[in-house]
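Take a look at the structure below.
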Amino acid sequence: MSSAPSAAIKIGSVVVLGAGSAGLMAALTLKRRLPHLAVQVVRSSEIGVIGVGEGTTAVFPRHFFEYLKLKPQSFYAEADPTWKLGIRFLWGPRPHFFYTFAFEFEKRQPELTRNNGFYYTDEFPWLGPASAHMAQARAFPRRPGGLPQFHNNHAFHIENRKLVAWLERQCTEAGVRITEATVRPERGPDGIAALIAESGERFTADLYVDASGFRSELLGRALEVPFLSYQDTLFCDRAVIGGWDRTTEPILPYTIAETMDAGWAWQIEHEHFINRGYVYSSAFLSDDDARAELLRKNPCIPADRTRVVGFRAGRYQKLWSGNVVAIGNAAGFVEPLEATALQVICVETSSLADSLADSLCEPTPTLIELYNRYNTAAWDDIRDFLAVHYRFNTRLDTPFWRAARNDVAMHAAAEVVEFYRQNGPSVVAGPALIHPSNSFGMDGYLAMLIGQNVPHAKPWNAPESERNFWNQRCRKLAADAQQGMTVSEALKALRSPNLKWA
């Protein structure tokens, strides 16, 4: 089978299989960036939607509000997000540590001789405004007049059903056609010839986007592209999901990632609901025992409001094969430890739209090869980064965590870790060690290595003057953050008629 559509084929039509967040984001991105394309979404009842509360990264708002140039007003009004400044990790030997989107470990203050990472202590587990606001449970600085000072170092917590509803309306307004049908693929010389509905109707296009989730109906099942497992690094393969209606709990401006006996648990903050999920390895814990542990540690969760989802971590060998491009879970999956699911969809859909635009919708074999290289590397980067989370977490001494510390394969992360062990939280080699397209960067690795108190050979005994400056700076950051707005206050301000949108 050819690895690319024939050079004579100019892509003028696209059919997207699947109407979850991946399919709708793909359709919307293609239609917004290439309005001349005929884009149709086929929604099949056989393709389930996981439908859990989702965390995002800062890539998400950049994709929608900068890349696609959508106005945020309707998103806030219809998707009802709350804000996320990062992740609070209950992980490793420290009481907790913060991971932000602000790259605070790499920064250097003019008054100091080394970058921020060398001055980190348990006394002040924040290095800049973002982590200080997280530590004080504040979302944004407070502007004069009582409005929040929004910035670009945030992401969102979103309920999936509300996100999908907003995406569907945006697709419809953009001219995407959405059709209900249960279909089966028909093979052709370039990959897929058509999607055949039960009624006999044929859905045909020049390019097919597989957004069918874990089923990977087109790329995996029909075209039989090999699946590459991440099991040597990521041992978890199941999640038990639950939550409870919010009562008096404050809305936190971050996701919580908490170490559990055979994996970890997330906490995602919605305005009226708290979503909890326990990601675990079935090789170390049964479904019943996982559910029992989650309920024991979260007694607010009604026992009848839990469900178990199974998954396999890995990616397909290539994501664009013939006339099929897979997006989201149809292309690969890793557990949501860094909330990368929607980020990956943003990257895959934007790189697809850019590839089509740059090739005048006549993609060449070399362009498709680069697309595959770029997007498969993005999946591998996430795997490698998550390896650091597992290899160095000493918080619990259970069979699962002993296996993780001993056996997790590091892959490309090994070189970064070795550099850190020899040189401490230096950033001078960051660009050489980590490709610029890696969304975590050296700062992300430093957050996890310093946060987990991984030892290194260059401890910094800062001069007293520098340590005093650092301590005073941290106290001021905390005091300034304490004056900031909580999530509830920011939501109230967002809905105020006094808010002026750009």
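The set of residues in segment 64-91 that are under 30 Å from residue 394 (Cα atoms) and either aliphatic (A, V, I, L, M) or surrounded by fewer than 17 Cβ atoms within 10 Å (Cβ to Cβ) (or both) comprises 85, 87, 90.
Report whether or not residue 158 is surrounded by fewer than 19 Cβ atoms within 10 Å (Cβ to Cβ), aliphatic (A, V, I, L, M) and modelled with pLDDT of 95 or more. When the stated conditions are applied, residue 158 does not pass them. Beta carbons closer than 6 Å, at least 6 apart along the sequence or on distinct chains, pair a first residue in segment 209-237 that is charged (D, E, K, R) with a second that is outside any helix (DSSP H, G or I) and modelled with pLDDT of 95 or more for 210/17; 210/324; 210/326; 232/409; 237/282. Residue pairs whose Cβ atoms lie under 7 Å apart, sitting 6 or more positions apart in sequence or on different chains, and linking a residue in segment 424-446 that is in contact (Cβ under 8 Å) with a residue 24 or more places away in the chain to a partner that is among the basic types (Lys, Arg) and not in a helix (DSSP H, G or I), are 424/458.
Let's see how each residue does on (1) aliphatic (A, V, I, L, M); (2) crowded, with 20+ Cβ neighbours inside 10 Å; (3) under 18 Å from residue 479 (Cβ atoms):
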site: 101; (1), (2), (3): no, yes, no
site: 127; (1), (2), (3): yes, yes, yes
site: 131; (1), (2), (3): no, yes, yes
site: 138; (1), (2), (3): no, yes, yes
site: 154; (1), (2), (3): no, yes, no
site: 175; (1), (2), (3): no, no, no
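Any residue in segment 384-398 that is without any contact (Cβ under 8 Å) to a residue 60 or more places away in the chain and closer than 17 Å to residue 258 by Cα? Before the answer, list the steps.
Applying the first criterion (without any contact (Cβ under 8 Å) to a residue 60 or more places away in the chain) to segment 384-398 yields 391, 397.
With closer than 17 Å to residue 258 by Cα added as a condition, the list becomes 391, 397.
Yes; the residues of segment 384-398 include at least one that is without any contact (Cβ under 8 Å) to a residue 60 or more places away in the chain and closer than 17 Å to residue 258 by Cα.
You will find that of 473, 421, 495, 467, the residue that is over 23 Å from residue 264 (Cα atoms), surrounded by 16 or more Cβ atoms within 10 Å (Cβ to Cβ), basic (Lys, Arg) and over 22 Å from the mean Cα position of the chain (by Cα) is 473 and no other.
Evaluating residue 58 against the criteria (1) small (Gly, Ala, Ser); (2) closer than 23 Å to residue 492 by Cβ; (3) in contact (Cβ under 8 Å) with a residue 40 or more places away in the chain; (4) surrounded by fewer than 23 Cβ atoms within 10 Å (Cβ to Cβ) leaves one unmet condition, (2). Checked against the criteria, residue 296 does not count as over 22 Å from the mean Cα position of the chain (by Cα), surrounded by fewer than 21 Cβ atoms within 10 Å (Cβ to Cβ) and at pLDDT below 95.
Here's the yes/no breakdown for (1) assigned to a helix (DSSP H, G or I); (2) touching a Phe, Trp or Tyr at 6+ places or on another chain (Cβ under 6 Å); (3) of a type in the set (Lys, Arg):
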residue: 224; (1), (2), (3): no, no, no
residue: 244; (1), (2), (3): no, no, no
residue: 276; (1), (2), (3): no, no, yes
residue: 279; (1), (2), (3): no, yes, no
residue: 282; (1), (2), (3): no, no, no
residue: 289; (1), (2), (3): yes, no, no
residue: 300; (1), (2), (3): no, yes, no
residue: 309; (1), (2), (3): no, no, no
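Residue pairs whose Cβ atoms lie under 7 Å apart, separated by 6 or more positions or on different chains, with the first residue in segment 464-481 and over 15 Å from residue 128 (Cβ atoms) and the second of a type outside the set (Asp, Glu) and loosely packed, with under 15 Cβ neighbours inside 10 Å, are 466/113. Considering the conditions (1) on the phi < 0 side of the Ramachandran plot; (2) assigned to a loop (DSSP other than H, G, I, E, B); (3) surrounded by fewer than 21 Cβ atoms within 10 Å (Cβ to Cβ), residue 214 is excluded by exactly one of them, (2). Output the residue which, of all residues in segment 355-403 that are within 21 Å of the chain's Cα centre (by Cα) and of a type in the set (Asp, Glu), is surrounded by the fewest Cβ atoms within 10 Å (Cβ to Cβ). The selected residue is 380. Kindly check whether there is at least one residue in segment 316-335 that is in contact with a Cys (Cβ under 8 Å, 6 or more places away or on another chain), in a strand (DSSP E or B) and closer than 23 Å to residue 388 by Cβ. Scanning segment 316-335, I find no residue that is in contact with a Cys (Cβ under 8 Å, 6 or more places away or on another chain), in a strand (DSSP E or B) and closer than 23 Å to residue 388 by Cβ, so the answer is no.
Condition check ((1) over 25 Å from residue 95 (Cβ atoms); (2) among the aliphatic types (A, V, I, L, M); (3) part of a helix (DSSP H, G or I); (4) out of contact with any Cys (no Cβ under 9 Å at 6 or more places or on another chain)) across all residues:
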site	(1), (2), (3), (4)
396	no, yes, no, yes
414	yes, yes, yes, yes
420	no, no, yes, yes
425	no, no, no, yes
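The values are calculated or read from the model by the stated rules, or taken from the named source; none is laboratory data. These numbers were taken from a predicted model, which means no experiment stands behind them. Glycine also receives a Cβ, built like all others from the backbone with ideal geometry; neighbour counts cover every protein chain displayed.
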